[in-house]
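> Sharing a structure below in structure tokens format, with a few things to ask.
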Amino acid sequence: MATIFPIQPAQSTGAPQANDVLHWMRPGPLQLSALPPLSLYIHLPWCLRKCPYCDFNSHEWRAASEAEIDGIPEQAYIDSLVADLDAALPLIWGRTVHTIFIGGGTPSLFSPQAIDRLLGDVRARLKLTPDCEITLEANPGTFERNRFRAYRAAGVTRLSVGVQSFNDEHLKALGRVHDRAQAIAALEEAASTFDTFNLDLMYALPGQTLEGLDADLSQALALAPPHLSVYHLTIEPNTWFAKFPPTLPEDDIAYAMLDRITERTTAAGMSRYEVSAYAREGHQCAHNLNYWQFGDYLGIGAGAHSKLSFAHRIVRQVRFREPRLYMENARAGAAVSQSDEVALADLPFEFMLNALRLKQGFTLPQFSERTGLAMTSIQRGLEEAERKGLVARDLFRVWPTERGLDFLSDLQAMFLPDDA
């Protein structure tokens, strides 16, 4: 899943008050005119193998049987998810859920029966929109591919397939457990089963050339995915690659790769609507759009993050990260390990960190509605960004330029609080 990275909060209220709605509803510094759309994120943290580049909260599956994950029955984990959701319900009572994203890890390691039960338990507790987008992350291995139709029958409406590359040597270097043939077969199965799906690719891989990227793109586009996510391989702290860094392409080659991706996806009828996402008309990822538009999301599962708005404040929460510890605490109604109110000084950066990823940017009323702040709080940053050619704006909207998308981190940093 696409991740939001919160900055250090100014005030920590502690987990004991995490689900105390009266505590969060008390008078405070903000006056939000309306609450944003709400999404649900569900984290299933197990994988067949931990990839050397991955810094997500994922753990290797060492199953004694298909019904067990690392010695933990999958039904017991779903019991914990449901207990977590039950405890969080007062915070979102009466609100409608617009999208659901089941991420990991590799959620497709869970049986279709388990996903069916999970979604049934969610529907019994939450009001979903009639067109609620329900995405499941999946890997291309044969084991998972045979489950695709059953996931559709369970209520999943969209699949996100983590291919990363169609080159077997690159897949091996990335620690992936599938090969090129399995990736193609999985995507063909996804196309025949789902009305929409996403294909994940990575570029600037160890030893990758521009010609190698072209070959990956040609294969990807030949499969006509409605949505394509393309990520630059980065070396994240606390990963295997951080300890044993591979040799990556030079920056100028990586920039040329990004230009080639944008050029070829445009020629194939896809538009770049977000810094790393390309889609055909009508196939943008609604769940990720809600993130980037500073919408709300409740995250349940080991290590899941939440961002929730109330009339007078915005709150971020984190669940316990280690799966067994999470399950123990969730069953006790205390899955939240940290619950923080976002400080006023941090809100402009928090908003811009997300909204500036979108090619269309944001509207001026949207900024005030989602943060409760006046436009004057970002005026200085906007003027600097416009002077450097990183954003453009009119009387209604602000959006990143092509240069702004290419230097997104520099652009976002212009909205950091003065004491950051």
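> In region 204-224, which residue that is modelled with pLDDT of 95 or more and within 16 Å of THR262 (Cβ to Cβ) is surrounded by the fewest Cβ atoms within 10 Å (Cβ to Cβ)?
SER218
> Then there's this: Inside region 208-233, can you point out the residues that are part of a strand (DSSP E or B) and hydroxyl-bearing (Ser, Thr, Tyr)? Spell out the reasoning first.
Here is the first cut: in region 208-233, the residues part of a strand (DSSP E or B) are 227-232.
SER229, TYR231 - these are the residues of region 208-233 that are part of a strand (DSSP E or B) and hydroxyl-bearing (Ser, Thr, Tyr).
> Separate question: Which of the residues that make up region 184-223 are closer than 22 Å to LEU248 by Cβ and touching a Phe, Trp or Tyr at 6+ places or on another chain (Cβ under 6 Å)?
MET202, LEU213, ASP216, GLN219, listed by residue number.
> I would also like to ask the following. In this structure, is ARG319 over 16 Å from TRP24 (Cβ atoms) and either over 20 Å from the mean Cα position of the chain (by Cα) or without any contact (Cβ under 8 Å) to a residue 40 or more places away in the chain (or both)? Step through it out loud before you land on a result.
Values: over 16 Å from TRP24 (Cβ atoms): yes; either over 20 Å from the mean Cα position of the chain (by Cα) or without any contact (Cβ under 8 Å) to a residue 40 or more places away in the chain (or both): no.
No.
> With the checklist (1) in contact with a helix residue (DSSP H, G or I) (Cβ under 7 Å, 6 or more places away or on another chain); (2) modelled with pLDDT of 95 or more in hand, flag the one item THR401 doesn't pass.
Answer for THR401: the failing condition is (1).
> Under the condition of being assigned to a helix (DSSP H, G or I) and not β-branched (Val, Ile, Thr), which residue from region 138-149 is modelled with the lowest pLDDT? Walk me through it before giving the result.
The first filter runs over region 138-149 and keeps only residues assigned to a helix (DSSP H, G or I), leaving 142-145, 148-149.
So of that shortlist, the ones also not β-branched (Val, Ile, Thr) come out as 143-145, 148-149.
Values: PHE143: 72, GLU144: 77, ARG145: 77, PHE148: 94, ARG149: 95.
Filtering region 138-149 for residues that are assigned to a helix (DSSP H, G or I) and not β-branched (Val, Ile, Thr), the one modelled with the lowest pLDDT comes out as PHE143.
> A further question follows. How many residues are in a loop (DSSP other than H, G, I, E, B), within 21 Å of the chain's Cα centre (by Cα) and surrounded by 17 or more Cβ atoms within 10 Å (Cβ to Cβ) when one looks only at region 167-203?
Within region 167-203, residues that are in a loop (DSSP other than H, G, I, E, B), within 21 Å of the chain's Cα centre (by Cα) and surrounded by 17 or more Cβ atoms within 10 Å (Cβ to Cβ) number 3.
> Listed residues ALA413, ALA335, ALA392; which is of a type in the set (Gly, Ala, Ser) and either at pLDDT below 95 or within 18 Å of TYR273 (Cα to Cα) (or both)? First the steps, then the outcome.
Values: ALA413 fails: either at pLDDT below 95 or within 18 Å of TYR273 (Cα to Cα) (or both); ALA335 fails: either at pLDDT below 95 or within 18 Å of TYR273 (Cα to Cα) (or both).
Testing whether each residue is of a type in the set (Gly, Ala, Ser) and either at pLDDT below 95 or within 18 Å of TYR273 (Cα to Cα) (or both) leaves just ALA392.
> Continuing with the same structure: When only residues in region 380-420 that are of a type in the set (Phe, Trp, Tyr) and assigned to a loop (DSSP other than H, G, I, E, B) count, which is farthest from the chain's Cα centre (by Cα)? It would help to see each step written out before you state the result.
Narrowing region 380-420 to residues of a type in the set (Phe, Trp, Tyr): 396, 399, 407, 415.
Those still in the list that are assigned to a loop (DSSP other than H, G, I, E, B) too: 396, 407, 415.
Details: PHE396: 28, PHE407: 21, PHE415: 22 Å.
Residue satisfying both the conditions and the ranking: PHE396.
> Return the total of residues in region 346-379 being surrounded by 15 or more Cβ atoms within 10 Å (Cβ to Cβ) and part of a helix (DSSP H, G or I).
Within region 346-379, residues that are surrounded by 15 or more Cβ atoms within 10 Å (Cβ to Cβ) and part of a helix (DSSP H, G or I) number 19.
> Now for a separate question. What is the residue count in region 312-358 for residues that are of a type in the set (Asp, Glu) and closer than 21 Å to ARG370 by Cα? Break it down stepwise before answering.
So in region 312-358, the residues of a type in the set (Asp, Glu) come out as 322, 328, 340-341, 346, 350.
Okay, now just the ones that are also closer than 21 Å to ARG370 by Cα, so 340-341, 346, 350.
The number of residues fulfilling the criteria is 4.
> Being surrounded by 24 or more Cβ atoms within 10 Å (Cβ to Cβ) and modelled with pLDDT of 95 or more is true for just one of ARG152, ARG123, ARG158. Which residue is that?
Details: ARG152 fails: surrounded by 24 or more Cβ atoms within 10 Å (Cβ to Cβ); ARG123 fails: surrounded by 24 or more Cβ atoms within 10 Å (Cβ to Cβ).
Of the residues listed, the single one that is surrounded by 24 or more Cβ atoms within 10 Å (Cβ to Cβ) and modelled with pLDDT of 95 or more is ARG158.
> In region 380-415, what residues are of a type in the set (Phe, Trp, Tyr) and without any contact (Cβ under 8 Å) to a residue 60 or more places away in the chain? Walk me through it before giving the result.
Within region 380-415, the first condition is being of a type in the set (Phe, Trp, Tyr), and the residues that meet it are 396, 399, 407, 415.
Across region 380-415, the qualifying residues are PHE396, TRP399, PHE407.
> Shifting gears a bit: Out of the residues in region 313-345 that are buried (at least 22 other Cβ atoms within 10 Å of the Cβ) and hydroxyl-bearing (Ser, Thr, Tyr), state the one that is nearest to TRP399 (Cα to Cα).
SER339
> For region 9-29, give me each residue that is over 18 Å from GLY299 (Cα atoms), surrounded by fewer than 15 Cβ atoms within 10 Å (Cβ to Cβ), in contact with a strand residue (DSSP E or B) (Cβ under 7 Å, 6 or more places away or on another chain) and at pLDDT below 50.
Result: GLN11, SER12.
The values are calculated or read from the model by the stated rules, or taken from the named source; none is laboratory data. None of the values given here were measured: they were computed from a predicted structure. When we count neighbours, we look across all protein chains shown, and the Cβ atoms used for this are built from the backbone with ideal geometry, even at glycine.
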